[in-house]
1. Give me the residue from segment 21-40 that is over 19 Å from GLU54 (Cβ atoms) and part of a helix (DSSP H, G or I) and, out of that set, farthest from the chain's Cα centre (by Cα).
2. If you scan segment 41-61, which residues turn out to be assigned to a helix (DSSP H, G or I) and either of a type in the set (Lys, Arg) or closer than 15 Å to SER28 by Cβ (or both)?
Amino acid sequence: MKENSRLERQKQVQFAVGMAAIDGGKPSAFTQNLLKQYENGQVSSSQLKQAIVEKYTRASQ
């Protein structure tokens, strides 16, 4: 699997946040923190997704 550069990860995050903003959404502080970790290469995209799913699955139960 190809590892994304920091610049590529930043662009992906900006795009995702922009798409959410179109629908009137804004990332929570929890999600913003995870996105920053992703940008810095501290977590992978699959770890980011898993953390978000776990957080909001627990919250909705």
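1. This residue is ILE22.
2. Listed by number, the residues that qualify are LEU48, LYS49, ALA51, ILE52, VAL53, GLU54, LYS55, TYR56, THR57, ARG58, ALA59.
We did not get these values from a lab; they are worked out from the coordinates using the rules stated. Please read all numbers here as calculations on a predicted model, not as lab measurements. Note that we place each Cβ from the backbone using ideal geometry, even for glycine, and neighbour counts take in every protein chain shown.
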